[in-house]
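Presented below is the structure to which this report refers.
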Amino acid sequence: MGTILPVVLGSALILLGAAYPLLALMRIARLLNDKAQRPSSRQLAIRLLLTAALPVGAILGGVGLLLPRLWQNPIFSALVVAAAVVVAACAILLSIRRLR
């Protein structure tokens, strides 16, 4: 039972990483077609960066859960942490933008 949870979570993260860019790009296209409330260039750049960083972090994290020995590689660990930091920064910047 203890090995099932990492496999399920890893598979779910890989699926999230594969599906998120499609959904995010559809949402961005909808925002760009809305003439009443178009996003600023900065907000669009942050959303595109989030669209790129979240799948990378999710897929790498999912693969790391499926193959735990990958975490011993410092490059792999650094890539996952860097993707997580970028995703967190994008989320913070987008939430600050919404508060204004």
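Data overview
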{"quantity": "Surface share of carbon and sulfur [accessible, 1.4 angstrom probe, percent] for the range 1-70", "calculated": "73"}
{"quantity": "Among [x] 36; [y] 46; [z] 53, the entry that matches percent of Cα pairs over 23 Å apart as calculated here", "calculated": "[x]"}
{"quantity": "Theoretical FRET efficiency, 1/(1+(r/R0)^6), r = Cβ-Cβ of ALA91 and VAL63, R0 22 Å, to 0.05", "calculated": "0.45"}
{"quantity": "Estimated FRET transfer efficiency when R0 is 35 angstrom, pair LEU9-LEU48 (beta carbons, to 0.05)", "calculated": "0.80"}
{"quantity": "Per-peptide average of other Cβ atoms within 10 Å, ordering 88-94, 29-35 highest first", "calculated": "88-94, 29-35"}
{"quantity": "R0 of 30 Å, Cβ-Cβ distance LEU70-LEU23: FRET efficiency to nearest 0.05", "calculated": "0.65"}
{"quantity": "Distance-filtered residues of the range 64-100 - backbone nitrogen under 19 Å, label point 7 angstrom along ASP34 Cα→Cβ", "calculated": "91-100"}
{"quantity": "Estimated [θ] at 222 nm from DSSP helical runs (n ≥ 4, -39500 (n - 2.57)) normalised by residues in the chain, nearest 500", "calculated": "-29500 deg cm²/dmol"}
{"quantity": "For the range 82-99 and the range 7-61, distance of Cα centres in Å", "calculated": "12"}
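The values are calculated or read from the model by the stated rules, or taken from the named source; none is laboratory data. These numbers come from a predicted model, not from an experiment. As a convention, Cβ positions derive from the backbone with ideal geometry for all residues, glycine included, and neighbour counts pool all protein chains shown. Quick note on the areas: whole protein, heavy atoms, side chains included, nothing else; ligands and nucleic acids left out. Shrake-Rupley method; radii C 1.70, N 1.55, O 1.52, S 1.80 Å.
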